[in-house]
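Notes to accompany the following structure.
All of the numbers you see were taken from the coordinates with simple rules; none came from a lab. Source: prediction; values computed, not measured. As a convention, Cβ positions derive from the backbone with ideal geometry for all residues, glycine included, and neighbour counts pool all protein chains shown.
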Amino acid sequence: MSKIKPARILMVLLFLIANTVFAQNPFITNQYTADPSARVFGDRVYVYPSHDIPYSPGKGRENWFIMEDYHVFSSKNLVDWTDHGMIVHQNKVPWVKSESYSMWAPDCIFRNGKYYFYFPSTPADTSVNGKGFTIGVAVADKPTGPFIPQATPIKKVKGIDPNVFIDKDGQAYLYWSQGHIYGAKLKDNMLELASEPVILQDLPTKGLKEGPYLFERSGIYYMTYPHVENKIERLEYAIGNNPLGPFKFAGVIMDESATGCWTNHHSLLNFKNQWYLFYHHNDLSPKFDKNRSVRIDSLFFNADGTIRKVIPTLRGVGLSNAREMIQIDRYSQVSDQGIVVDFLDTTNRMKGWKINLNQKDAWIRYNSVDFGKSGITKIIARNIAEREAVLELRADKPGGPLISRLVFKQTGNWKESSFTAKAPTGVHDLYLIMKSPADISIDWLRFE
Ligand code: FUB
């Protein structure tokens with residue numbers, strides 16, 4: 001047997017490091033987004049989320065979900081996201097009741113040169129599938145549209161949260177939920193059912209289930225879904241040998257949110273040999289959980305095919321470029337005391353967050369900063385220091401190499417302060433350690 005050369009191992013390791021990307025959560029902050037369906041098309045990841053909007057008189061129902069359109073977002077690296085704008089609006093779909101504002105969780109899939117976008121809503125004409133939610137399709141030549149909606153919804157489909165899966169043999173399946181989770185084969189045209197809908201067995205029978213997302217890995221079909229086992233939704237999965245089941249409950253992918261956001265809704269994606277969980281939380285609207293925001297975290301399988309529980313993080317995924325703004329309020333870990341995170345501007349939460357360090361020895365860890373080939377000599381911190389404060393910035397661990405000692409002068413307003421810095425090359429975790437009594441808020445850090 002030929003020996004594997006160390007240089008080859010190093011190349012593979014470098015490849016894995018280069019392709020294991022870790023974005024900050026939530027990763028879309030220009031609007032509220034929920035129910036992210038993530039797909040790889042070409043060399044980019046496209047995310048098709050729902051679009052929550054705040055209530056305004058005449059638009060939807062107060063204290064409920066209000067959704068009138070969809071945007072699509074894409075990224076090459078899961079860190080820098082592009083909003084490609086609105087792709088479908090309720091008023092442009094012939095069958096949707098225009099005052100319903102019920103464009104709930106969608107999905108999109110590529111087949112035979114076309115992109116098929118599936119979405120639920122309330123029909124104006126109840127003669128096709130009766131009253132209540134049904135599901136329609138819009139078709140495009142590009143993942144970003146323009147998407148042309150079909151004139152009518154898919155016959156025999158009553159419910160929400162469409163998800164489409166194409167098996168290895170080319171057979172496409174549509175899944176959706178209405179109390180139970182349903183599935184049916186799709187015709188080759190992707191616009192009509194090819195079989196009668198069936199209720200998928202043997203998923204939990206008590207508590208709401210919705211948001212199905214099916215994928216296949218190494219011959220196992222994974223049916224994943226949000227489920228109310230206790231009081232609010234958690235993400236679970238069941239496995240089977242067939243796309244239409246039966247399935248056997250296999251575990252929890254993500255526990256109920258600690259802050260009580262009632263819904264969660266997800267998709268799983270393998271991108272450049274790393275699995276990711278796309279899901280949502282209400283980061284930008286902590287007091288109203290129907291204005292949500294999408295997040296990503298890495299997901300790992302065990303050797304036997306089971307899924308390791310995903311612990312939600314603020315840091316999310318991807319490398320942070322040292323020469324761009326590093327939002328340390330999206331930390332990986334912080335000390336138990338002396339740290340407070342708050343919105344920069346409570347009248348416009350989309351501006352993001354700041355982090356306050358208010359006692360000696362308080363610390364922040366922020367993972368995976370890419371210093372590149374270095375040449376870095378300076379660090380800039382946007383801050384308000386209520387009193388003079390001294391912070392140390394170290395690489396990799398609390399006692400790791402000193403990058404900079406930042407001595408902040410008292411300032412009553414936001415200020416960009418510069419300090420000399422000596423940074424390592426490559427990717428490193430950052431540690432910020434408070435070395436003096438303090439009351440300092442930091443918006444971002446950036447190296448030059
Ligand atoms: O976004 C509206 C609804 O909330 C979705 O359709 C459900 O899955 C839940 O996330």
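Between LYS272 and LYS114, what FRET efficiency comes out of the Förster formula 1/(1 + (r/R0)^6) with R0 = 22 Å and r the beta carbon distance, rounded to 0.05?
0.30
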Next on the checklist: Quick check on region 6-299: what does the Kirkwood estimate of hydrodynamic radius come out to from the alpha carbon pairs, in Å?
Outcome noted: 19.4 Å
Item to check | Efficiency of FRET between LYS287 and LYS360 - r from beta-carbon atoms, R0 30 angstrom, step 0.05 | outcome: 0.40
Checklist outcome for this item: Expected vector for region 349-364, Karplus 3J(HN,Hα) from phi with 6.51, -1.76, 1.60 and θ = phi - 60°, integer Hz, x for Gly and Pro, equals 5, 5, 6, x, 10, 10, 10, 10, 10, 10, 7, 4, 6, 4, 9, 9
Item to check | Packing-based ranking, highest mean first, of 400-413, 159-172 given that Cβ atoms within 10 Å are counted | outcome: 159-172, 400-413
Checklist outcome for this item: Relative contact order in percent for region 320-447 (Cα pairs under 8 Å, 6+ apart) equals 36 percent
Checklist outcome for this item: Using alpha-carbon positions, the gyration tensor of region 101-185 gives root eigenvalues a ≥ b ≥ c; with a/c under 1.5 called rounded, otherwise prolate if a/b exceeds b/c, else oblate, the class is oblate
Checklist outcome for this item: Residue separation between GLN31 and HIS89 times 0.36 nm, minus their alpha-carbon distance, gives in nm 19.3 nm
Checklist entry - Given LYS142/LYS168; LYS351/LYS415; LYS155/LYS185; LYS158/LYS209; LYS354/LYS415, which pairs have Cα atoms separated by over 19 Å? => result LYS142/LYS168
Next on the checklist: Full-extension gain between SER374 and LYS97, please, as 0.36 nm times their residue separation minus the C-alpha to C-alpha distance.
Outcome noted: 94.1 nm
Item to check | region 302-349: trypsin sites (Lys or Arg not before Pro) in DSSP coil with no more than 15 other Cβ atoms inside 10 Å | outcome: ARG308, LYS309, ARG323
Item to check | In region 256-296, the chymotrypsin sites (Phe, Trp or Tyr not before Pro) that fall in loop regions by DSSP, at most 16 other Cβ within 10 Å | outcome: TRP262, PHE288
Item to check | Helix-only [θ]222 nm of the chain, DSSP H runs n ≥ 4, -39500 (n - 2.57) each, per residue, nearest 500 | outcome: -1000 deg cm²/dmol
Checklist entry - Could you give the nm distance between label points at LYS206 and VAL340, where each point is 7 Å from its Cα heading toward the beta carbon? => result 4.2 nm
Checklist outcome for this item: Counting sequence-distant residues (5 or more places) and residues on other chains, those with an amide H built under 5 Å from that of SER102 are MET67, THR122
